[in-house]
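The values are calculated or read from the model by the stated rules, or taken from the named source; none is laboratory data. Bear in mind the structure is a predicted one, so any value in this text is a computation, not a measurement. Note: ideal-geometry Cβ built from the backbone for every residue, glycine included; neighbour counts use all protein chains shown.
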């Protein structure tokens, strides 16, 4: 073992003494990147929970003006789009159960605030997407209040009702409405897959569907948004009615494109399989499996077949649609934050980020991941305030909830953005790499065999370029073999060291290299 370590050291020393550098100093930074208005397929999107991001008026809540003031930071980091959490008026902190679909919650600002945000974003060449929760509304929405008042209401059929005695099977999603005094109204129950405060809409009703079309058109036309993200796409009709669901989303997408050229619709399947919805109205779908797979590979320090599994998924998708977009992330609010799952290990956080930005798909970066924020379910504690500074009275930090997991162990933005060894700096370099490397934006993707499964390797390519990615998942020097017959050129990105000589390969602890292939 001692002899192997000495050999590794000698080889690395010899390699460095040859004057070769893995990361070229002339490589563009995210700040100096050229204007890029490419398609959505590889777009890097920054996913923001608005209430937690930046407080511009010191009321404790993040707001639209605060987010607008930080768009240059987001763009400078390397993102090409922002996706906003719901911003309609709502009695809930996350604004998912809406009381008015045509207004901005005053907590976040007003019409002028949103228009300024979108205008500023577009000037910076950032697309703006909005999470639009139109599967349900709040029990305080006027439509539901009217529906509860009696069957004669024009809105009664906007919702799903059943007589209490006729409900068979599980009753978990059936809830009793209440009167003005908060007393349960006996007899009928409404369906609410998101709880007793959020009645689901009845999408079998043509008038309701027309209203949702009107809502979508309003936000695109009034604010010049670039698209929507829809959560729970499978919940709009009965689980058995996949064909009806797909028909609806195709109609919705078609109608929105009449208002906004280049309209983009991203979907999030909460329960079930994406393949039923690929090529059916949605431009993109969130790949939850890849999020878990990335974390598991990095945490367990073993490649359990991540690339092979992803290739199978992409093959399945391509059978339904050749132009599908896979949204990939390492945090999607379905599990704890990646830093928490990786036990606070900074080097593992960097490895997870490297996989995110080198695998195929459209990377979505959940706010705070770039500074290594912690967080555990329930969702309130995944959505903790963004840590701009550790100074006591620093402006911008939201206070709608006290931070439980992000205190002394997280470097604030002000600190990490100035530290070349920080997680933030690593993210910034990766986003620059992603945007300026044609191979990482192509469709080509192949697994590369390595004799030690503690190293993961794969090939990415376009019609202009090929790159080989190699990652040591451990904190140990590894001497292994790689089954690759191509001619390996210089490295365009490096964190640690990887040396390849024929089939022999030596990797430093957590070593990562992206090589050009000649």
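So, of the residues in region 114-144 that are surrounded by fewer than 20 Cβ atoms within 10 Å (Cβ to Cβ) and outside any loop (DSSP other than H, G, I, E, B), which turns out to be farthest from the chain's Cα centre (by Cα)?
So the residue we want is 142.
Just one of the numbered conditions (1) assigned by TED's automatic domain parsing to the domain that holds residue 370; (2) modelled with pLDDT under 95 is not true of residue 154; which one?
Residue 154 satisfies every listed condition except (1).
Would you check which residues across region 145-173 are in contact with a helix residue (DSSP H, G or I) (Cβ under 8 Å, 6 or more places away or on another chain) and within 22 Å of residue 238 (Cβ to Cβ) and list them?
147, 155, 156, 157, 158, 159 - these are the residues of region 145-173 that are in contact with a helix residue (DSSP H, G or I) (Cβ under 8 Å, 6 or more places away or on another chain) and within 22 Å of residue 238 (Cβ to Cβ).
If you check every pair at least six apart or on different chains, which have Cβ atoms under 8 Å apart with a residue in region 342-363 that is at positive phi first and a residue that is in a helix (DSSP H, G or I) and buried (at least 22 other Cβ atoms within 10 Å of the Cβ) second?
361/290
With (1) part of a helix (DSSP H, G or I); (2) more than 35 Å from the chain's Cα centre (by Cα); (3) surrounded by fewer than 21 Cβ atoms within 10 Å (Cβ to Cβ) as the list, and residue 147 as the residue in question, which single condition is left unmet?
Of (1) part of a helix (DSSP H, G or I); (2) more than 35 Å from the chain's Cα centre (by Cα); (3) surrounded by fewer than 21 Cβ atoms within 10 Å (Cβ to Cβ), only one is false for residue 147: (3).
Please specify each residue of region 221-238 satisfying the condition of being under 18 Å from residue 277 (Cα atoms), part of a loop (DSSP other than H, G, I, E, B) and either outside the structural domain of residue 103 (by TED's automatic domain parsing) or touching a residue at least 24 places away in the same chain (Cβ under 8 Å) (or both).
Those that are under 18 Å from residue 277 (Cα atoms), part of a loop (DSSP other than H, G, I, E, B) and either outside the structural domain of residue 103 (by TED's automatic domain parsing) or touching a residue at least 24 places away in the same chain (Cβ under 8 Å) (or both): 232, 236, 237.
Look through region 257-267, keep the residues that are in contact (Cβ under 8 Å) with a residue 40 or more places away in the chain and crowded, with 22+ Cβ neighbours inside 10 Å, and return whichever of them is nearest to the chain's Cα centre (by Cα).
266
Please go through region 191-214 and give me each residue that is part of a loop (DSSP other than H, G, I, E, B) and crowded, with 16+ Cβ neighbours inside 10 Å, ordered by number.
Scanning region 191-214 gives 192, 193, 194, 197, 198, 199, 202, 203, 205.
Looking only at region 156-175, how many residues end up being surrounded by 10 or more Cβ atoms within 10 Å (Cβ to Cβ) and either within 23 Å of residue 269 (Cα to Cα) or within 35 Å of the chain's Cα centre (by Cα) (or both)?
9
Which residues, counting only those in region 55-95, are surrounded by 24 or more Cβ atoms within 10 Å (Cβ to Cβ) and either more than 21 Å from residue 226 (Cα to Cα) or modelled with pLDDT under 95 (or both)?
Within region 55-95, just 62 meets the criteria.
Select, from 514, 470, 499, the only residue that is more than 17 Å from residue 357 (Cα to Cα), in a strand (DSSP E or B) and either in contact (Cβ under 8 Å) with a residue 40 or more places away in the chain or not assigned by TED's automatic domain parsing to the domain that holds residue 318 (or both).
Of 514, 470, 499, the one residue that is more than 17 Å from residue 357 (Cα to Cα), in a strand (DSSP E or B) and either in contact (Cβ under 8 Å) with a residue 40 or more places away in the chain or not assigned by TED's automatic domain parsing to the domain that holds residue 318 (or both) is 499.
Out of the residues in region 385-411 meeting the condition of being in contact with a helix residue (DSSP H, G or I) (Cβ under 7 Å, 6 or more places away or on another chain) and under 19 Å from residue 65 (Cα atoms), tell me which one is modelled with the lowest pLDDT.
Here the residue is 389.
Do you know which of the residues in region 447-462 that are out of contact with any helix residue (DSSP H, G or I) (no Cβ under 6 Å at 6 or more places or on another chain) and buried (at least 17 other Cβ atoms within 10 Å of the Cβ) is nearest to residue 517 (Cα to Cα)?
It comes out as 459.
Condition check ((1) assigned to a helix (DSSP H, G or I); (2) under 30 Å from residue 501 (Cα atoms); (3) out of contact with any strand residue (DSSP E or B) (no Cβ under 7 Å at 6 or more places or on another chain); (4) assigned by TED's automatic domain parsing to the domain that holds residue 360) across all residues:
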site: 404; (1), (2), (3), (4): no, no, yes, yes
site: 409; (1), (2), (3), (4): no, no, yes, yes
site: 415; (1), (2), (3), (4): yes, no, yes, yes
site: 419; (1), (2), (3), (4): no, no, yes, yes
site: 432; (1), (2), (3), (4): yes, yes, yes, yes
site: 445; (1), (2), (3), (4): no, yes, no, no
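When you check residue 427 against the structure, is it part of a helix (DSSP H, G or I) and closer than 21 Å to residue 84 by Cα, yes or no?
It is true that residue 427 is part of a helix (DSSP H, G or I) and closer than 21 Å to residue 84 by Cα.
Would you please list the contacts, defined by Cβ atoms under 6 Å and residues six or more apart or on different chains, that run from a residue in region 73-99 that is on the phi > 0 side of the Ramachandran plot to a residue that is modelled with pLDDT under 95 and surrounded by fewer than 23 Cβ atoms within 10 Å (Cβ to Cβ)?
78/30
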